Structures are given as C-alpha cells and as structure tokens.
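Here the structure comes first, spelled out in structure tokens, and everything after it is commentary.
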Amino acid sequence: MKTSGNTILITGGGSGIGRELARRFNELGNVVIVAGRRLETLEETVAGRGDMLAMVVDVEDPDDLAAFAERVVAEHPRLNVLINNAGIMRREDLTRTRDLRDAEQTVVINLLGPIRLTDALTDHLTSQPDAAIVNVSSGLAFVPLSGTPTYNATKAAIHSYTVSLREQLRGKVEVIELAPPAVQTELTPGQSAREGYMPLDDFIDETMALFGEQPTPREILVERVNFLRWAERDGHFDQAVEMLNAH
C-alpha cells in the first residue's frame, strides 16, 4: 500500500485509533476523509489540518450507508483507500436470558457495517490505481475475552471475511488486516487510562512503521498482539485464554 498520495476514507475517525490513523496518514501527504455519527468529534479530528474532511454517516443504517458511499465517490472521485475502523465493544452476561440489543448492535456496526460499505465501494475501488482496503479486527479475534463475546465473534468474522476478500480481489485491490491489542482508547469507559493497555501513541507509531514496510504486510501486527494472534499456532491457546480472562 502506498503511504502517500492517496485519498483515504476512515470510518470511526472521531476518536481513538481512527482519529490518530487519520492524522498520521494526512501528515504523510494523503487526503483523508473521516466518517462517523458525530460531526463535532469528526471536526475535532480535522481541525486546523489541510486535506482533511469530515462526513457524517450512520453505519447502522444500510440506506444511509449506501447514500453515503454514492456521495463520497461523487465528491472524492480519487478515493482509493478504505479503512473500516468503526466499532463498539459491550460487556455481556451470558449466564442468563438478557436483552440482546447490545449484541445485535455490535454485529451490525462491527460486521455488517464494514461488509456493506466495502460492497458499496468495491466497483469504484477496483477501478482506482493503488487501491487498498484495511479492515480493523482485534487480537480478540484470535483469543476471546469472555466478557465481550459478541465483540470477539465479530472481530473473528472480520478476520475470516478479510482473508476471503483478499483472495477475491487479488490483483485488483490490496487487502490488509490491522489487528490491535488492548490499546488505551475510549472504546470502553475508562480504557484510555487502563494500566497494562498499550499507549495509543506507541501503538500508532509501531503501526505506521509497519504500514511503511515494502511490501506492506497482509496483517499489521504490533509486537504486543503477537501472543494472541499466534496463540493457537504456537501451542499456547489455552494458556492465553486463561491469562486473558484472569484479569
């Protein structure tokens, strides 16, 4: 993937990993469009920066997502990189019957959202030079945290979907997976200050260095996530599950 000279769309660009990726890619000489539900947070991301734009979209609404895709292509016909980053994480108690709204919303935002947006932009991206799709999964795609079961499942699905997407778009669009470890963001309340989580700046520094490698890795994996990513291959999956869920 080229690291400069692109027009990049990043969902979930109003905070956390999405915001910092947007700013770093912009600093490398890319036009960056950040998208999300809340205009005020998106405007904070782009404030004072050239070649950065904010666009509102509701990734839960398929009609709004389709209209958004048409609009972004019409307004930014050189769009060639999509980063599917928007996501939510909710704790769930599986020991009793419960309200499933959190689980259902997680599936819609974390899984159906990227599938729908990718589908809406595929015809355009396959016609663009140096096109790429980056799907953000998680270390929890490979070793689940029991308290967030639907989140883990959606990220495991994103990993699998990305592998299939890569094979089908081979030679047309570069497909990359970014799998973060636990990072200090506000994905969950208080997480940005949680001890033991990777500082956001450190994560972004290491991630951008990996994006800068040639060729770009198919999976962007900072060192801290490798214990989870390769747990099954390296024979310590049960140990990883136990360690992860002991905290």
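The values are calculated or read from the model by the stated rules, or taken from the named source; none is laboratory data. All values reported here derive from a predicted model rather than from experimental measurement. Positions of Cβ are backbone-derived with ideal geometry, glycine not excepted, and every protein chain shown enters the neighbour counts.
Taking each residue of segment 68-88 that is assigned to a strand (DSSP E or B) and looking for partners that are surrounded by fewer than 22 Cβ atoms within 10 Å (Cβ to Cβ) and of a type in the set (Gly, Ala, Ser) with beta-carbon atoms closer than 9 Å, six or more apart or interchain, yields 81/132; 82/132; 83/132.
Within segment 162-175, being of a type outside the set (A, V, I, L, M), over 13 Å from the mean Cα position of the chain (by Cα) and either closer than 14 Å to residue 136 by Cβ or not in a loop (DSSP other than H, G, I, E, B) (or both) holds for 164, 166, 167, 168, 174. All of 194, 233 fail the test of being modelled with pLDDT under 95 and either more than 23 Å from residue 166 (Cβ to Cβ) or out of contact with any strand residue (DSSP E or B) (no Cβ under 9 Å at 6 or more places or on another chain) (or both), apart from 194. Assess whether residue 53 counts as being closer than 29 Å to residue 167 by Cα, of a type outside the set (Phe, Trp, Tyr) and not in a loop (DSSP other than H, G, I, E, B). No. When segment 212-238 is filtered for residues that are part of a loop (DSSP other than H, G, I, E, B), of a type in the set (A, V, I, L, M) and within 23 Å of residue 3 (Cα to Cα), the ones remaining, listed by number, are 221, 222. In this entry, residue 115 passes the filter for residues that are among the aliphatic types (A, V, I, L, M) and surrounded by fewer than 17 Cβ atoms within 10 Å (Cβ to Cβ).
In segment 17-31, the count of residues that are without any contact (Cβ under 8 Å) to a residue 60 or more places away in the chain, part of a strand (DSSP E or B) and under 25 Å from residue 162 (Cα atoms) is one or more. Annotation: residue 184 fulfils all but one of (1) at pLDDT 95 or above; (2) in contact with a Leu (Cβ under 6 Å, 6 or more places away or on another chain); (3) not hydroxyl-bearing (Ser, Thr, Tyr); the unmet one is (1).
Residue count for segment 176-211 under the criterion of being without any contact (Cβ under 8 Å) to a residue 60 or more places away in the chain, under 18 Å from residue 155 (Cβ atoms) and part of a loop (DSSP other than H, G, I, E, B): the result is 4. Among the residues of segment 1-16, those that are in contact with a Gly (Cβ under 7 Å, 6 or more places away or on another chain), surrounded by 18 or more Cβ atoms within 10 Å (Cβ to Cβ) and either part of a loop (DSSP other than H, G, I, E, B) or modelled with pLDDT under 95 (or both) comprise 12, 13, 14. With the requirement that a residue be of a type in the set (Asp, Glu) and within 18 Å of the chain's Cα centre (by Cα), what does segment 51-94 give you? Result: 58, 60.
For the residues 78, 91, 98, the requirement of being touching a Gly at 6+ places or on another chain (Cβ under 6 Å) and either farther than 23 Å from residue 191 by Cα or surrounded by fewer than 18 Cβ atoms within 10 Å (Cβ to Cβ) (or both) singles out 91. With the requirement that a residue be surrounded by 18 or more Cβ atoms within 10 Å (Cβ to Cβ) and either basic (Lys, Arg) or out of contact with any helix residue (DSSP H, G or I) (no Cβ under 6 Å at 6 or more places or on another chain) (or both), what does segment 167-195 give you? The answer is 169, 174, 176, 178, 180, 182, 187.
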